[in-house]
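Asker: Before anything else, here's the structure in question.
The values are calculated or read from the model by the stated rules, or taken from the named source; none is laboratory data. Given the structure is predicted, the values throughout are model-derived calculations rather than measurements. Positions of Cβ are generated from backbone atoms using ideal geometry, with glycine treated the same way; all protein chains shown enter the neighbour counts.
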Amino acid sequence: MGETGGWKAYLFDSEMEWLLHTSIDVGQSGVVVALDWYYLREGGSGDGKEDPTPTSYYSGTWDSGLLDATGSGCVTIATFWQQGDHQYAAGSLMWSDGNVSTLVLVRS
């Protein structure tokens, strides 16, 4: 399974939820993660809206299955797996203020 490429992502914490398009580029000089924000839901309500946040970029390392990249915070992905035709990944995003949200990725 290759981790490089596009993923659909769900990011959440106790107060917010986001849907994102995510790309991971693993190369010889390290890893680049791009988070393309497109949907936001606040406070667990049923109402959502388009997220105008510009794409966020994180750069870092890929070492022994652990992705660790920094930018305006820190993206860490510690688990990648495949089940049937789908690939999954799980980790977290630590925001610049120190709060942490759970990050899950999927692609087929």
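Asker: In the range 41-80, which strands (runs of 3 or more DSSP E) lie fully inside it and hold 1 or more residues that are surrounded by fewer than 11 Cβ atoms within 10 Å (Cβ to Cβ), more than 12 Å from the chain's Cα centre (by Cα) and aromatic (Phe, Trp, Tyr)? Walk me through it before giving the result.
Answerer: Details: elements: 48-50, 56-63, 66-70.
Hits in the range 41-80: none.
Asker: What do you reckon, is residue 63 in contact with a strand residue (DSSP E or B) (Cβ under 6 Å, 6 or more places away or on another chain) and not hydroxyl-bearing (Ser, Thr, Tyr)?
Answerer: No: the conditions fail for residue 63.
Asker: Specify the residue that is farthest from residue 92 (Cα to Cα); the eligible residues are those in the range 1-27 that are of a type in the set (Ser, Thr, Tyr) and either under 14 Å from the mean Cα position of the chain (by Cα) or surrounded by 15 or more Cβ atoms within 10 Å (Cβ to Cβ) (or both). Steps first, please.
Answerer: Taking the range 1-27 and keeping what is of a type in the set (Ser, Thr, Tyr), we get 4, 10, 14, 22-23.
Narrowing further to those that are either under 14 Å from the mean Cα position of the chain (by Cα) or surrounded by 15 or more Cβ atoms within 10 Å (Cβ to Cβ) (or both): 4, 10, 22-23.
Details: 4: 18, 10: 11, 22: 13, 23: 15 Å.
Step by step, filter the range 1-27, then rank; the result is 4.
Asker: Tell me which residues, restricted to the range 32-45, are of a type in the set (A, V, I, L, M) and at pLDDT below 95.
Answerer: Of everything in the range 32-45, just one residue is of a type in the set (A, V, I, L, M) and at pLDDT below 95, namely 40.
Asker: Would you confirm, using the coordinates I've provided, whether residue 105 is surrounded by 15 or more Cβ atoms within 10 Å (Cβ to Cβ) and either under 12 Å from residue 3 (Cβ atoms) or basic (Lys, Arg) (or both)?
Answerer: So residue 105 passes the test.
Asker: Return a yes/no flag: does the range 46-65 have any residue that is modelled with pLDDT under 95 and touching a His at 6+ places or on another chain (Cβ under 9 Å).
Answerer: no
Asker: Now, a different point. Consider residue 39 against the criteria (1) within 24 Å of residue 15 (Cβ to Cβ); (2) among the aromatic types (Phe, Trp, Tyr); (3) in contact with a Phe, Trp or Tyr (Cβ under 6 Å, 6 or more places away or on another chain): it satisfies all of them except one. Which criterion is unmet?
Answerer: (3)
Asker: In the range 34-72, which residues are in contact (Cβ under 8 Å) with a residue 40 or more places away in the chain and closer than 20 Å to residue 100 by Cβ?
Answerer: Passing the criteria: 35, 67.
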